[in-house]
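This report refers to the structure that appears directly beneath it.
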Amino acid sequence: MFEAAGQYGQRRASQKIRWALRAAAAALSASLPMVALAQEEPSAEETAAARALALEGIKLADAGRCDEAIERLARADRLRHAPVVLGRLGECQIARGRLVEGTETLRKMLREPLPPSPPEVVVAARERAQGVLDRTKSKIGALNIVVQGPDDTAQVSVTVDGQPMNVALLEVDRPTDPGEHRIEAVAPGFSSASSHVTVGVGSRQRVVLELVPDPRAPLPEPASRVPTSAPQSQGAVSSPGLIPADNDERASADVQADSDRSLGEPDHTAAYLAWGAGGVAVAAGSVLGVMAFARKGDLEEDCPDNICPASSRDRLESARGVGTAATVSFIVAGAAVGLGTFLYFTAEAPSGAEKTAASVRARAWLGLGSVGLSGEF
């Protein structure tokens, strides 16, 4: 008796599956013409393949094998759209935890207008989809993602479970399936940041990711400078500030000359001062020499045979002192001229702002029996 009951139950289950498949086929056949008006008519092969995939997908869905059913139903809808197939696809997506995607699939189905006098299977499929949607939409959670650090959020890239997220969704509630999620944010010049969060059924989670500057990040390249030369075709007119290509060598020489001028000419100030001091010493020596000869002439009368009396000793010492001063002046003049010549040919251009701003002060001095040059460099 139990065996007979079991066989009866199997026959009843098989009969229910056959009824479901027949209803799905009828719904598919009734819904296909509604979409054919809005898009190019599929070929007979595509229509037949879509029907076969849809029936297989619905059979898998009724058996609770939604992982396999989703692939078949999605392919059937791509070959030839049918609202009934779309409704069963949304149900399976929800059954696999893809609440956001599944509810949007059901909404898409429900937005499609009904034809005049729709078949009962189509009406029943819409009622079923509406019921699933009403029970599911309150279970969808929300993620509110905030990224701190970069001033420009357009430079930020955010992924949720490895999938890119539009940055326009930052700091707003993003519908999210319940469960565990990984959020990661990156931006140029910053270290990446990530977080794991669990979204409960119908709950809202706020996640704050702070991006800090990365010290190992390469520095931004400096702004490109305006080119000083550009190639031009033969006969082209040169624009101001541009150098024709056939004058590259001359342009290079001009640039080198400008560079040399920017370094400064050799500073000959010390040489000129030394020569000036030498000139002063020559003039002083000449004057002192004339004075020495004049005093010598005065003493010749009082000092016959170069023997002077005691009364003329002071005049003799004075004449000798003037003569010595004249000799020293000429020696200093020669040294100053030599020093000036050496400084002239060994002068160098200033190497920095301090040398450019430095001043050289020198002065010649003349004393009784001595002459010299002093200065500050």
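Please treat every number below as a calculation from the coordinates, not as lab data. Bear in mind that the values here come from a model prediction, so they are computed numbers and not experimental data. All Cβ positions, glycine included, derive from the backbone under ideal geometry; neighbour counts span all protein chains shown.
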#### Entry: Gain upon complete extension [LEU110, SER286; 0.36 nm per residue less C-alpha separation]
51.1 nm
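With a 10 Å radius around each residue's Cβ, average the other Cβ atoms per peptide and rank 286-293, 75-82, highest first.
Working: 286-293: 16.4, 75-82: 21.1.
With the highest mean Cβ count within 10 Å placed first, the list reads 75-82, 286-293.
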## Note on the structure
Expressed in Å to one decimal, the Kirkwood Rh of segment 140-210 from all distinct alpha-carbon pairs is 12.1
### Task
Quick one: dipole size for segment 140-210, taken about the Cα centre, charges +1 on Lys/Arg Cβ and -1 on Asp/Glu Cβ, in debye to the nearest 20.
160
### Summary
In segment 104-172, taking the dipole from +1 charges on Lys and Arg beta carbons and -1 charges on Asp and Glu beta carbons about the Cα centre, the listed residue (SER157, ASN144, VAL167) farthest towards the positive end is ASN144
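Based on the mean of other beta carbon atoms within 10 Å per residue, what is the order of 176-185, 190-199, 94-103, most packed first? Write out the running numbers ahead of the final one.
Working: 176-185: 17.4, 190-199: 14.6, 94-103: 18.9.
Ranking, from highest mean packing down: 94-103, 176-185, 190-199.
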### Query
Which of the peptides 51-61, 267-277 is most tightly packed, and how do the rest follow, judged by the mean count of other Cβ atoms within 10 Å per residue?
51-61, 267-277
### Task
Ratio to report: Rg/Rh of segment 79-151, with Cα atoms as the point set and Rh obtained by the Kirkwood method; give two decimals.
1.17
